[in-house]
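A short reminder: the numbers here are calculations on the coordinates, not readings from a lab. Computed from a predicted model, the values in this text were never measured in an experiment. A quick note on method: Cβ atoms are made from the backbone with ideal geometry, for glycine too, and the neighbour counts reach across all protein chains shown.
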Amino acid sequence: MGLIELTEGEMDSEAEKSLVLIKPGNFGYCMEIFECLHDLLKNGLPKKNFSRTLPSHLLKVPEAIIRAHYEHMKSMPVYEATIKAFVNSPDGIVLSVYFGEDIIRRIRYAIGDMDPQKARQGAIRAVFSNDSLEVASREIRYLNNVIHASSSRKDSEREIALWRDYL
């Protein structure tokens with residue numbers, strides 16, 4: 001795994017982990033997105049330590065990996081458009097792994113609802129996107145909701161294993 005950037009104190013190897021991925025079309029904002037996530041995690045209550053790997057910029061997204069990553073969406077009409085958005089992105093994606101107590105839930109809260117139109121005010125998806133799941137589904141296109149984060153420990157383990165060579 002990549003170098004660890006300690007943001008709030010050292011984490012032991014047993015800490016919960018979450019993959020965080022800045023999605024295609026958002027490279028220009030990725031540092032702002034990471035800063036926003038950092039601030040939301042740092043200022044959340046109760047205060048809990050966290051750390052992360054240094055972000056890795058992946059310019060060329062391997063199709064097999066992104067298909068495996070989004071396998072759960074295979075039956076959705078937007079699946080192929082999502083895969084194409086990742087594979088054909090001129091700016092690629094940015095990956096990082098966060099570590100900390102209850103980090104998955106804390107990050108999921110910070111990023112907000114999958115549909116940016118339903119994300120609470122101040123959540124990353126509400127701040128950095130004005131896209132809509134309803135419109136993307138109707139138009140059968142990629143939903144630009146800016147950021148991905150693991151939704152469970154099982155997903156985190158699977159996703160980190162998938163992207164391990166790029167972290």
Item to check | Computed FRET value (nearest 0.05) for Val135 with Glu35, which takes r as the C-beta separation and R₀ as 25 Å | outcome: 0.35
Next on the checklist: Can you compute the modelled spin-label distance between Arg164 and Ala64, with each label point 7 Å from Cα toward Cβ, in nm?
Outcome noted: 1.5
Checklist entry - Angle, helix 153-163 long axis vs. longest principal axis of the chain, Cα atoms, 0 to 90°, nearest 10? => result 70
Item to check | Among Pro90, Tyr79, Ser137 the positive-end extreme of the charge dipole of the chain (Cβ point charges) | outcome: Ser137
Checklist entry - If you take the Cα Rg of the stretch 78-153 and divide it by 2.2 N^0.38 Å, with N the number of residues, what do you get? => result 1.16
Next on the checklist: Which three extents, in angstrom, do the Cα atoms of the stretch 37-107 have along their principal axes, listed largest first?
Outcome noted: 40, 26, 16
Checklist entry - How much net charge surrounds Ser137 when only other residues with a Cβ under 14 Å from its Cβ are counted (Lys, Arg +1; Asp, Glu -1)? => result -2
Checklist entry - Calculated from the structure, mean projected area of the Cα convex hull in nm² equals which of (1) 12.9; (2) 9.0; (3) 11.1? => result (2)
Next on the checklist: For a protection proxy built on the mean count of beta-carbon atoms within 10 angstrom, sort 156-166, 20-30, 130-140 highest first, please.
Outcome noted: 20-30, 156-166, 130-140
Next on the checklist: Please compute the modelled spin-label separation between Leu45 and Gln117, points set 7 Å along Cα→Cβ, answer in nm with one decimal.
Outcome noted: 3.3
Checklist entry - Percent relative contact order of the chain, based on C-alpha pairs within less than 8 angstrom and at least six residues apart? => result 35
Checklist entry - Which ³J(HN,Hα) values in Hz, rounded to whole numbers, follow from the phi angles of the stretch 67-80 under the Karplus curve 6.51 cos²θ - 1.76 cosθ + 1.60, where θ = phi - 60° and Gly and Pro get x? => result 5, 5, 4, 9, 3, 5, 9, 3, 7, 7, x, 8, 4, 5
Item to check | Student exercise, the chain dipole from Lys, Arg, Asp, Glu Cβ charges, in Debye to nearest 20 | outcome: 340
